[in-house]
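Accompanying notes for the structure given below.
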Amino acid sequence: MTAFSLEPAQLTWCGELRALAAERLRPLADKGEPGHVNRALVAELGALGLLSRLFTSGALDLCLMRESLAHACTEAETALALQGLGAHPVHAHGTAAQRARWLPGVVAGTTVAAFALSEPDAGSDAAALTLTATPSAGAVATPPGPVALDADPDGGSGWRLTGEKCWISNAPEADFYTVFARTTPGAGARGVTAFLVPADRPGLSGSPLDMLSPHPIGALAFDAVPVTAADVLGAPDRGFRVAMDTLNLFRPSVGAFAVGMAQAALDAAVAHTTSRDAFGGKLRDLQTVAHQVAEMSLRTEAARLMVYAAATAYDEGAPDVPRRAAMAKLLATETAQYVVDRAVQLHGARALRRGHLLEHLYREVRAPRVYEGASEVQRGIIAKELYRTHDTTTEEAGT
């Protein structure tokens, strides 16, 4: 299989996912309360076996799931993605005990996960984190169950987390958080550690933020929250790798989410311009309209192919994954913004009525250009990788 075509079985599966999203997930999404975790929807994703695929399949499979779900139910897509984002560090870097304790609930849809990286003054710059993990002799946690403030069973002294996180999806309603904190001051990216922090840990509190989002987004406050070696994901001072490994996987799939929305908007535009009478004919008969629809289709397909290529590169362990992942997210999210905006323009005022598909997509499509690294950050990553490759090639050539 190449990065530019899908097998018949994959195409069939994508069609089945779109049908499931429309028939079984859309009704549950409609019953959800905006700004809160829709636990019934998450549980249904688990019952359908989709959450388990987050940890048993590759990046391309993840992209196909997100694109297909987004076409019919963006809320289901987002619920699935947030489970993966919050729990992937546990799956990929956690201990056997951590995985056994938390992943079964994530897969079943009964345990809600969250990825806590951003801070009030450190959004896309993960190396600038200020949430502090201060060494604290005797601070220990023994999940599951209450925190026990006695000796660390692994012989370590533990830490106390102090500071804030902000713009955290699923906060403050998640059951556990993957938290990134500074364990070595002044060390930049090399001084960050990833911790698995249960929501009921003493000193941890959260508050919702009033955001343009159907799922909760909140702030977390850490008041000397105790953590120990048993809570570390990966290794101390190696949390930046955990964060980047997770983002390199999920950035192309953010692009897949965007492609799904773009395709839904394009489909709506084709249907509307075919049926809408205007100026003695159909809208589609106007060359200016037909050319706009053609441009929307062109950009959507180009974004889709770049997303698939980036996902395939990840699955094959290619060395240029950071650049490809950044390109895929950048192109797809910017494309989706364009396509949805054009679709709204072609529909006219009706697209702005509350409850219209395009009104919904118009609100949903803006955020992906910001989260998991804004478009400007993606351009920075692409440029950095290009110059790094140039410098390495020049050194090897001895010029």
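Every read-out reported here was derived from the displayed coordinates using simple, explicitly stated rules and does not represent laboratory data. Here the structure is a predicted model, which is why all the values come from computation and not from measurement. Positions of Cβ are backbone-derived with ideal geometry, glycine not excepted, and every protein chain shown enters the neighbour counts.
Obtain the nm distance between the two label points defined at ASP320 and THR288 by a simple spin-label model: each point lies 7 Å from its Cα along the Cα-to-C-beta direction.
A separation of 4.0 nm, rounded to one decimal place.
For the stretch 1-51, what value does the Rg/Rh ratio take when both radii are computed over Cα atoms and Rh is the Kirkwood radius, given to two decimals?
1.12
Would you work out the relative contact order for the chain, in percent, from Cα pairs under 8 angstrom that are 6 or more residues apart?
RCO, the chain: 16 percent.
Using a Förster distance of 56 Å, how high is the FRET efficiency between LEU298 and ALA235, based on the Cβ-Cβ distance and rounded to 0.05?
Using R0 = 56 Å, I get an efficiency of 0.75.
List every residue whose amide H lies under 5 Å from the amide H of ALA113, counting only residues 5 or more places away in sequence or on a different chain, with H placed 1.01 Å from N in the peptide plane.
Amide H neighbours of ALA113: ASP175.
What are the ³J(HN,Hα) couplings of the stretch 182-196, residue after residue, when phi is run through the Karplus curve with 6.51, -1.76, 1.60 and θ = phi - 60°? Round to Hz, x for glycine and proline.
7, 9, 10, x, x, 9, x, 5, 7, x, 10, 10, 9, 10, 9
Whole-Hz Karplus ³J(HN,Hα) for the stretch 164-175, in order, using 6.51 cos²θ - 1.76 cosθ + 1.60 and θ = phi - 60°, x for Gly and Pro?
So the Karplus estimates, Gly and Pro as x, are 9, 10, 9, 6, 8, 5, 6, 7, x, 9, 5, 8 Hz.
Roughly how many nanometres apart are two label points built 7 Å out from the Cα toward the Cβ at THR110 and LEU212?
In this crude spin-label approximation the distance works out to 3.8 nm.
Against the longest alpha carbon principal axis of the chain, how many degrees, from 0 to 90 and to the nearest 10, is the axis of helix 8-20 turned?
It works out to around 90 degrees.
Starting at the first residue of the stretch 24-31, write each ³J(HN,Hα) from the Karplus equation 6.51 cos²θ - 1.76 cosθ + 1.60 with θ = phi - 60°, in whole Hz, x for Gly and Pro.
Each residue's phi maps through the Karplus curve to give 10, 8, 4, x, 5, 5, 5, 8 Hz.
Given charges of +1 on the Cβ of Lys and Arg and -1 on the Cβ of Asp and Glu, with all other atoms neutral, how large is the dipole of the chain about its Cα centre, in debye to the nearest 20?
On the way: 35 positive and 43 negative charges, 140 e Å.
My answer is approximately 680 debye.
Could you pull the Rg and Dmax for the stretch 241-397, using just the Cα atoms, both in Å?
That works out to 18.5, 66 Å for Rg and Dmax.
Could you tell me the calculated FRET efficiency between ARG276 and LYS31, based on Cβ-Cβ distance and R0 = 22 angstrom, to the nearest 0.05?
Computed FRET efficiency for ARG276 and LYS31: 0.10.
How large is the dipole of the stretch 8-108 about the Cα centre if only Lys and Arg carry +1 and Asp and Glu carry -1, each at its Cβ, rounded to the nearest 20 debye?
300
Working out 0.36 nm times the residue gap between ARG354 and GLU16, then minus their Cα-Cα distance, what length gain in nm do you get to one decimal? Provide the component values of the computation, followed by the final result.
On the way: separation 338, 0.36 × 338 = 121.68 nm, distance 2.85 nm.
Gain on extension, ARG354 to GLU16, equals 118.8 nm.
Do me a favour and compute the ellipsoid semi-axes for the chain from its Cα gyration tensor, root of five times each eigenvalue, largest one first, whole Å.
On the way: eigenvalues 298, 123, 70 Å².
Sorted largest first and rounded, they come to 39, 25, 19 Å.
Helix 375-397 versus the longest principal axis of the chain: what is the Cα-based angle in degrees, 0 to 90, to the nearest 10?
70
To test your reading of the geometry: what angle, between 0 and 90 degrees and rounded to tens, separates the Cα axis of helix 239-275 from the longest principal axis of the chain?
The answer is roughly 20 degrees.
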